[in-house]
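One structure below.
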Amino acid sequence: MKHYDVAAYIWPSYTGRDMRSRIFWPQGIGEWQTVLSTAANAALKPTDYVWDRKPLWGPVDEADPHVMEMEIQEATRHGVNVFIYDWYWYDRRPFLESCLDEGFLGASNCGKMKFYLMWANHNANYTWDTRLSDTTWREDCPVWEGRVDRVEFERIVHRVIGKYFSRPNYYRIEGRPVFMIYDVDNLVSGLGGLEKTREALDWFRAETVRAGHPGLELQLTGWGERVSNMSGVDGPHAVSTREVVPALGFDSVTNYQFVHFCNMNRDYGEILTDVAREWERMDRDYTVPFYPHVSIGWDNNPRFRGFVPNVCRNNTPEMFEKALCMARDYVDSHDLPVPLITLNSWNEWTETSYLEPDTRYGYGYLEAVRRVFAEEPGGAG
């Protein structure tokens, strides 16, 4: 079977080792606290709504290298061979790095998988805290801002180049380490406008080359086609995403979640029709490679005491497998530099979009990946 790079995002919150995370999850088990407390909020939800999923592996500490040895084995056995770690920088220092540094990179078998970073440079707000999420997060009340100025940007660049890019299992495209940026609006706002952001990114490329790499693969998280303020202030410089990509010199685009460009409050089969249209649009309107993305679903009600009426339906493992086949066919029909497909996600439990086995479908989602992508039945992907 043809080789594919099947990359699942990891939300590195399932540990209590980062003390700053306890402002959101004071029990010291990270966002497992939210997952395990969903029943307590059931009385505030509609009677026909039920979220009763539990992790088959239990609320494991994903910063524990022994736990990650098991997860790496299961991922590769089912055809997932790349992890994309959500990576955070708040208040002049990293946040939630321990799942990557201690868990994944500390695992004895981490060399079986590649990994790369997605800088999740959005604001941190109270969506993560169910005590406050129903009210405070809606008031645009960030705990930490995700935007950074040039001085902080340079600190970030030196950290990721020095700490991660040279690792033998860091994922590369044509030899270039891949670094994805989630929120281009925040990036430009912090760096002071389009021109200054391009200067900063060009400097990032030069620093990567100076560190001994052949270049940098700068990847953008696509949110559909939207218009962004590129002035760096509350000015009139509005630019569409298709203009932002060449203006800032991004090398490729993928997505993080279907919810960023689709109405998710409907049947998964209907969603896939819109996904196919979005891929056609990306293929038509963009000159850089687009790597197809598949989300398992969407329902972030676990993060709220009340009900949020935006719930993906009928996203069974069988329907998910259809989406995986669509992505495989897209890769097969396009001359891409690498056969990369991104998945949301390995463990976004509180957004109900995860591959890890649960009490509803067991290993169903992972088995779907294995059927479509594993190079050998039951073997490493």
Extended-chain gain in nm, criterion 0.36 nm per residue less alpha-carbon gap, Ala39 and Arg155: 37.5 nm
Could you tell me which of the pairs Lys2/Lys322; Lys2/Lys114; Lys2/Lys163; Lys2/Lys112 are separated by over 25 angstrom between their Cα atoms in the structure shown? Lys2/Lys163
Gain in length, Glu225 to Glu243, computed as 0.36 nm per residue apart minus the alpha-carbon separation, to one decimal in nm? 5.5 nm
Residue by residue, what Karplus-based ³J(HN,Hα) values in Hz, rounded to whole numbers, does region 206-212 have, using 6.51, -1.76 and 1.60 with θ = phi - 60° and x for Gly and Pro? 5, 5, 5, 5, 4, 7, x
Sorted from largest to smallest, which semi-axis lengths in Å does the alpha carbon gyration tensor of region 1-124 give for its equivalent ellipsoid, taking the root of 5 times each eigenvalue? 26, 20, 14
Where the centroid of each part is defined by its Cα atoms, how far is region 53-71 from region 279-329 in Å? 24
Neighbour-count ranking [beta-carbon atoms within 10 angstrom, fewest first] of Leu44, Leu272, Leu248, Leu216: Leu44, Leu272, Leu248, Leu216
Loop trypsin sites (Lys or Arg not before Pro), region 88-190 (other Cβ atoms within 10 Å of the site Cβ: 13 or fewer; DSSP): Arg92, Arg131
Taking Lys54 as the anchor, which lysines have their alpha carbon closer than 23 Å to its alpha carbon, excluding any fewer than eight residues away along the same chain? Lys45
Would you please give the FRET efficiency between Thr47 and Gln27, computed as 1/(1 + (r/R0)^6) with r the Cβ-Cβ distance and R0 = 30 Å, to the nearest 0.05? 0.60
Would you kindly state how much longer the chain becomes between Ala211 and Arg277 on full extension, computed as 0.36 nm times their sequence separation minus their alpha carbon distance, in nm to one decimal? 19.7 nm
Counting DSSP beta bridges in the chain, what percent are antiparallel, to the nearest 5? 30
List the chymotrypsin sites (Phe, Trp or Tyr not before Pro) in region 50-136 that DSSP assigns to loop (not H, G, I, E or B) and whose Cβ has at most 15 other Cβ atoms within 10 Å. Which are they? Trp57
Lys/Arg Cβ at +1, Asp/Glu Cβ at -1, dipole of the chain taken about the Cα centre: which of Tyr268, Ala40, Pro214 is farthest positive-ward? Pro214
Cα-Cα separations in the chain greater than 31 Å, expressed as whole percent: 33
Can you compute the modelled spin-label distance between Leu56 and Asp140, with each label point 7 Å from Cα toward Cβ, in nm? 4.5
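Read-outs throughout are calculated quantities, based only on the coordinates presented, and are distinct from any laboratory measurement. For clarity, every value in this text was computed on a predicted model and none was experimentally measured. As a convention, Cβ positions derive from the backbone with ideal geometry for all residues, glycine included, and neighbour counts pool all protein chains shown.
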